[in-house]
Amino acid sequence: MFKGRQFDRSVILLCVRWYLAYSLSLRNLEEMMAERGVAVDHATIHRWTIHYAPLLLEQFNRRKRPVTGRWHLDETYIKMRGQWMYLYRAIDSNGDTVEFWFSERRNVAAAKRFLRKALNRHGRPERIVIDGSQTNREAILSCDTTDRLQDRSRLQLKPIRIRQSQYLNNRIEQDHRAVKRRVRPMLGFKSMNSAQAILGGIEMVHMIRKGQAKCVRAALLSLAEQFERLAA
């Protein structure tokens, strides 16, 4: 993963972890590394993050604990090139992150693409809680129907129950805050590629802090220790 890099893997992992986990700008990190005797440009740290965040997320997903069958689904706003885009997110009844998807549009097609990704990775939930969004409701009904028609297990699959309640969906709206808190100092993304990579890294850190990696709770591993394991 780090073969051929000019800097040591420990420096790269430190910069990527600090950028994804804390409210630091790239120039903050450049100054902090200079104080430690490491001369690295802020643009290089940005390139490291774009390159390594998806790789680390892929490793994390292989070690992720299963989620429950009751999901809360919602989308939140993220700025890119001065325009508002949409981050679709879902958590389960324990507050663990199920899935996320960054989209330029907020429509049925985007919601269906997000749901297909979640269903393919985690299977069918028993229930999904949403707010008053008819778009999300339509997407769930469409994906659920398609999923049941394509099923070859010959089992009588029950339809996914949909519950629309603004009050019950406060849980995921609160969970959005951890991601938004980190994104805010970044002052918006410049491209879809960088937004998807960095948001994926931020979501990964959020899941690590929730203890969503298998066997982590028993081992009581720190964020830094888990990063080292993902990069091993």
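Every read-out reported here was derived from the displayed coordinates using simple, explicitly stated rules and does not represent laboratory data. Just so it is clear, the structure is predicted and the values come from calculations on it, not from any experiment. Heads up, the Cβs are rebuilt from the backbone with ideal geometry, glycines too, and the neighbour counts pull from every protein chain shown.
In plain terms, the chain from TYR77 to LEU187 could stretch by 38.3 nm, reckoned as 0.36 nm per residue minus the Cα-Cα distance.
Not counting the cut sites, what is the longest span of the chain without GluC sites (Glu not before Pro) that DSSP labels loop and that have at most 15 other Cβ atoms within 10 Å? Don't jump to the answer; show the numbers that get you there.
Details: sites that count: GLU104, GLU126.
So the longest stretch without any such site is 127-232.
Projecting label points 7 angstrom from Cα along Cα→Cβ for MET32 and ARG127 puts them 4.2 nm apart.
For segment 16-57, state which trypsin sites (Lys or Arg not before Pro) are in a DSSP loop and have at most 14 other beta carbons lying within 10 Å of their beta carbon. Passing both the DSSP loop test and the Cβ count: ARG36. Computed per residue of the chain from DSSP H runs no shorter than four, each worth -39500 (n - 2.57), the mean residue ellipticity at 222 nm is -16500 deg cm²/dmol. Taking other C-beta atoms within 10 Å as the exposure proxy, ASP41, ASP144 rank ASP41, ASP144 from fewest upward.
Distances between placed amide hydrogens fall under 5 Å for THR68 paired with SER93, ASN94, all partners being 5 or more residues away or on another chain. Helix 192-209 and the longest principal axis of the Cα set of the chain meet at an angle near 90°.
Could you give the length gained by full extension between TYR167 and SER23, i.e. 0.36 nm per residue of separation minus their alpha carbon distance, to one decimal place? Please list the in-between numbers first.
Details: separation 144, 0.36 × 144 = 51.84 nm, distance 2.97 nm.
Full extension of this stretch gives 48.9 nm more.
List, in the order given, every pair from LYS64/LYS117; LYS79/LYS180; LYS180/LYS210; LYS79/LYS190 whose Cα-Cα distance in the structure shown is over 18 Å. Could you put the intermediate results ahead of the total?
On the way: LYS64/LYS117 15 Å; LYS79/LYS180 10 Å; LYS180/LYS210 16 Å; LYS79/LYS190 9 Å.
None, as every Cα separation is 18 Å or less.
Here's the picture: charge each Lys and Arg Cβ at +1 and each Asp and Glu Cβ at -1 in the chain, and of LEU29, ALA139, GLN83 the one pushed furthest to the positive end of that dipole is ALA139.
R0 = 45 Å: FRET efficiency of LEU220 with GLU138, Cβ-based, nearest 0.05? Kindly include the intermediate steps, with their values, before the conclusion.
On the way: r = 44 Å, r/R0 = 0.97.
Taking R0 as 45 Å, the efficiency between LEU220 and GLU138 is 0.55.
Stokes-Einstein at 37 °C, 0.692 mPa s, Kirkwood radius from Cα pairs: D for segment 70-189 in µm² s⁻¹? It comes out at roughly 220 µm²/s.
Placing +1 on the Cβ of every Lys and Arg and -1 on the Cβ of every Asp and Glu, with nothing else charged, gives the chain a dipole about its Cα centre of roughly 580 debye.
What is the order of TRP84, TRP71, TRP48, fewest Cβ neighbours within 10 Å to most? Intermediate values should be presented prior to the final figure.
Numbers: TRP84 12, TRP71 24, TRP48 19.
With the sparsest Cβ surroundings first, the list reads TRP84, TRP48, TRP71.
For the chain, the longest principal axis of the C-alpha atoms and the axis of helix 9-21 are separated by about 50°.
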